[in-house]
Amino acid sequence: MKIYIAGPISDYEDYNREAFMIAEEKLKRVPGDIVLNPASLPTGLDEHEYMDICLAMLRCCDAIYLLNGWRASAGASAEYALAYKLGLKIINQS
């Protein structure tokens, strides 16, 4: 299964990378699963460029993994809406 991690990034220290990396390590424990982690993207792009890349990543996946606090993020909410529309499996962190 290919899993995309979604969650709040913009207003967090170090872009919430620690939470994303912890989730990635947890999800990678399932043999054969592929994890797409937007926190691994390089810094320096504009927000709309990140969203273009992230939505393309999400469209390649079978599931979305929602970090706690995702509802407070406009980007993660958009990712959830697309995942729901595409019929992807929805996995909540908690």
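The values are calculated or read from the model by the stated rules, or taken from the named source; none is laboratory data. In this text the structure is predicted, and so the values were computed from the model without any measurement. Ideal geometry is used to build each Cβ from the backbone, glycine not excepted, and the neighbour counts take in all protein chains shown. Accessible surface is based on the protein model in full, side chains and every heavy atom, while ligands, DNA and RNA are left aside. Shrake-Rupley method; radii C 1.70, N 1.55, O 1.52, S 1.80 Å.
Using the 1.4 Å probe convention, the accessible area of the chain works out to 61 Å² per residue with neighbouring protein chains retained. The solvent-accessible area of Ser10, taken with every protein chain present and a 1.4 Å probe, is close to 80 Å². Ignoring any ligand, DNA or RNA, what whole percent of the accessible area of the stretch 1-44 comes from carbon and sulfur when the probe is 1.4 angstrom? About 53 percent, which is the carbon plus sulfur part of the accessible surface. Count Lys and Arg as plus one, Asp and Glu as minus one, and take only other residues whose Cβ is under 15 Å from that of Lys89; the net charge is then 0.
Of the trypsin sites (Lys or Arg not before Pro) found in the stretch 1-33, those in coil by DSSP whose Cβ has at most 15 other Cβ atoms within 10 Å are Lys28, Arg29.
Put Val35, Val30 in order of accessible area, largest first, 1.4 Å probe: what do you get?
Final ranking, largest accessible area leading: Val30, Val35.
Tell me the mean residue ellipticity at 222 nm calculated for the chain from its helices only (DSSP H runs of n ≥ 4, each -39500 (n - 2.57), averaged over every residue, nearest 500). Mind dumping the intermediate values first?
Values: 3 runs with 37 residues, N = 94.
Taking each H run of at least 4 residues, the total per residue is -12500 deg cm²/dmol.
Taking a sphere under 13 Å around the Cβ of Met1 and counting the other residues whose Cβ falls inside, with K and R at +1 and D and E at -1, yields a net charge of +2.
For Cys54, the accessible surface of its heavy atoms amounts to roughly 10 Å² (probe 1.4 Å, protein chains only, rounded to the nearest 10). When the Cα gyration tensor is reduced to axis lengths a ≥ b ≥ c, the ratio a/c is 1.5 or higher for the stretch 3-79, and with a/b above b/c it is classed as prolate. Ordered from highest to lowest accessible area with the whole protein assembly present and a 1.4 Å probe, Tyr84, Tyr15, Tyr50 read as Tyr84, Tyr15, Tyr50.
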